[in-house]
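The values are calculated or read from the model by the stated rules, or taken from the named source; none is laboratory data. As the structure is a prediction and not an experimental result, all values here were calculated from the model. Here the Cβ is made from the backbone with ideal geometry for all residues, glycine too, and neighbour counts use every protein chain on show. Side chains included, ligands, DNA and RNA excluded: accessible areas come from the protein's heavy atoms. Shrake-Rupley method; radii C 1.70, N 1.55, O 1.52, S 1.80 Å.
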Amino acid sequence: MDIADKVLIRKFITVVAGAGGIADAQGLLALVDDNHEVLDLGAAAVARAIQRGEMHLGEALALLDCVKGMSTRHLMFESQTSNIGYAPQVRIAVTHRSAFEHYLNERPDPTAVISFHLISDTQLLLISATNYPMRGQSGDGRVEYRCAVINRIDQGLLASVAAFAESVDGGRPISPG
């Protein structure tokens with residue numbers, strides 16, 4: 001792995017790990033604000049490591065998912081604290097690759113965890129983890145990881161991804177393409 005990317009990923013992991021001990025909204029807001037460059041550059045380094053085949057997709061999915069969760073909480077807290085002055089207590093849960101695999105292998109039907117990661121204004125990663133059990137039985141422990149890298153992003157694609165995410169949340173997935 002490229003030395004510069006290795007350093008960026010290490011810093012990225014350190015910031016994400018630091019979020020695990022934060023118990024209030026102000027601490028999380030400060031952590032993200034103080035480290036936004038490390039988070040942005042680290043996510044891009046992870047994307048490059050994926051493309052070069054230097055990082056297992058399961059590890060990348062878990063790491064990027066942690067950051068996505070942290071960013072979502074950051075936006076939520078920013079909104080809450082600015083609107084009503086409420087500072088909720090929080091604890092960031094770190095997602096491990098084993099958590100995805102355990103979840104998938106408990107399902108009796110083919111199931112996927114799909115995660116979209118906007119890496120820059122031109123690159124989107126779509127990472128999926130899927131199990132393929134025999135109908136009606138729990139998974140056999142094999143989880144297949146896949147990654148699609150989209151290097152040209154336009155508003156139509158982002159609208160399609162948003163519609164897909166909304167349909168999944170609504171329990172009626174539409175085709176993302």
Subset of the range 90-116 (residues that are at pLDDT 75 or above and among the hydroxyl-bearing types (Ser, Thr, Tyr)): Ser98, Tyr103, Thr111, Ser115
Among Pro133, Pro176, which is the only one that is over 16 Å from the mean Cα position of the chain (by Cα) and either in a strand (DSSP E or B) or at pLDDT 65 or above (or both)? Pro133
Can you tell me which residue is modelled with the highest pLDDT among those in the range 144-157 that are farther than 16 Å from Ile127 by Cβ and either open to solvent by 60 Å² or more (accessible area, probe 1.4 Å) or of a type in the set (D, E, K, R) (or both)? Arg152
Tell me yes or no: at least one residue of the range 26-48 is basic (Lys, Arg) and under 23 Å from Arg146 (Cα atoms). yes
One residue from Ala49, Ala43 being over 21 Å from Glu101 (Cβ atoms), under 17 Å from the mean Cα position of the chain (by Cα) and crowded, with 18+ Cβ neighbours inside 10 Å: Ala43
Please state which one of Asp24, Asp65 is at pLDDT 70 or above and within 20 Å of Ile119 (Cα to Cα). Asp65
